[in-house]
Amino acid sequence: MARLPKDAAWSISDYKFASPSSMIVTGATGMICAHFVHHILTTTNCQAHCIGISATDDLDAHRKVMENLPRWGLASSIPNKAYDRLTTHRDHIADSIFQFDSDVSLLKNYEDVYADNVGLHFLIGLARSPVPGNVKAFNQLSTWGVPHLQTRSTTQLLSSGYLTGEEETTNMKRGAESTLGYLECRWVCELLLYEAGRGGLPINIYRSCIVGTNASSHQGLDRTNINRRIVESALQTGLVPDFDSARGCGMSWIELDFLVKRIAFLPSRENSKNAAKVFNLVSDQHIKYDEFACVLGQSYNGEKVRVLQLELWAQAFRASNNYGDARRGSPVAT
């Protein structure tokens with residue numbers, strides 16, 4: 001069971017809702033956060049404080065964030081004066097935190113990716129703040145895959161039926177199966193935030209389906225992106241992994257601009273309850289994996305793409321030498 005530290009038996013009562021004016025963001029060298037920072041700098045007067053950047057010092061961290069913006073074709077549309085509101089250090093005056101950082105791995109199990117994905121204790125402590133009147137709203141980018149964990153054969157459901165709405169997914173226990181560890185980690189993150197929300201911390205959780213790049217960037221998804229890996233491996237091997245199509249599992253895509261604008265807008269809506277607010281940001285069009293093979297049609301070798309059981313597909317995927325960094329796990333934005 002995911003639990004906050006034993007000394008976290010706190011209750012927040014002095015938080016006063018206000019639209020963000022100064023925010024802390026993580027994952028600023030990734031795709032989604034770069035577009036989010038661009039949106040904040042070009043459409044608001046908010047301060048954006050980027051933390052958690054892997055760098056040798058503050059100057060190196062700032063350089064990495066600045067180099068990431070032109071990579072996605074974003075720098076030219078940011079006014080010069082707006083950069084004064086972009087910093088790369090922790091600052092106590094921020095009134096909200098936006099957590100975009102994650103470690104996505106296609107083949108690693110839960111234990112392998114746990115540490116990089118469930119490091120929320122520090123950020124929750126930062127959001128809570130021991131200083132009176134300095135509580136920060138916490139915004140977490142999660143994944144629409146979390147509710148899908150309910151359908152796994154080893155998952156123990158604690159109630160009848162599936163929870164598919166914008167609600168806390170507290171109706172299940174983790175099973176013995178440890179594959180798809182990233183989804184389990186995202187769920188554990190949500191469990192921690194549910195508990196923090198019940199303690200009075202303002203929590204917003206955004207469950208996003210798959211996100212493509214912005215067309216204006218003229219840039220494809222990183223080769224380490226988990227969803228690009230699935231599509232690319234299917235075209236290379238002629239095989240699509242069946243992540244339980246019989247239970248409705250498949251791929252849904254939304255536009256990056258849609259996701260970024262919703263994450264920027266939704267915190268402006270006050271949540272009067274002591275509970276995490278969950279938003280499902282998903283597409284109306286959902287393609288099950290057994291249907292996805294028909295969408296792709298043929299592999300690079302001209303073979304008809306077909307669906308294969310997950311275990312057999314993983315073997316073929318490894319044998320194709322197409323996994324690269326995906327096997328090790330790399331921080332990406334989706």
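For this structure, a couple of remarks:
- Residue check, Ala234 modelled with pLDDT of 85 or more, surrounded by 21 or more Cβ atoms within 10 Å (Cβ to Cβ) and within 30 Å of Ser19 (Cβ to Cβ): no
- Selection within segment 187-204 - in contact with a strand residue (DSSP E or B) (Cβ under 7 Å, 6 or more places away or on another chain) and either surrounded by fewer than 23 Cβ atoms within 10 Å (Cβ to Cβ) or not in a strand (DSSP E or B) (or both): Cys189, Glu190, Leu193, Ala196, Gly197, Leu201, Pro202, Asn204
- For segment 104-133, taking the residues that are at pLDDT 75 or above and in contact with an Asp or Glu (Cβ under 8 Å, 6 or more places away or on another chain), the one that is farthest from Ile254 (Cα to Cα) is identified as Gly133.
- Residue match in segment 155-170 (condition: in a helix (DSSP H, G or I) and either under 22 Å from Phe100 (Cα atoms) or out of contact with any Cys (no Cβ under 8 Å at 6 or more places or on another chain) (or both)): no
- Candidates in segment 40-67 are the residues that are among the aliphatic types (A, V, I, L, M) and assigned to a strand (DSSP E or B); of these, the one that is modelled with the highest pLDDT is Ala48.
- Among the residues of segment 216-231, those that are surrounded by 14 or more Cβ atoms within 10 Å (Cβ to Cβ) and part of a helix (DSSP H, G or I) comprise Ser217, Ile226, Asn227, Arg228, Arg229, Ile230, Val231.
- Checked against the criteria, Ile263 does not count as assigned to a strand (DSSP E or B) and modelled with pLDDT of 95 or more.
- Among residues of segment 260-292, those that are buried (at least 19 other Cβ atoms within 10 Å of the Cβ), small (Gly, Ala, Ser) and over 22 Å from His35 (Cβ atoms), counted: 1
The values are calculated or read from the model by the stated rules, or taken from the named source; none is laboratory data. Owing to the predicted nature of the structure, the values given are computational and were not obtained by experimental measurement. FYI the Cβ positions are ideal-geometry reconstructions off the backbone, even for glycines, and counts take in every protein chain you see.
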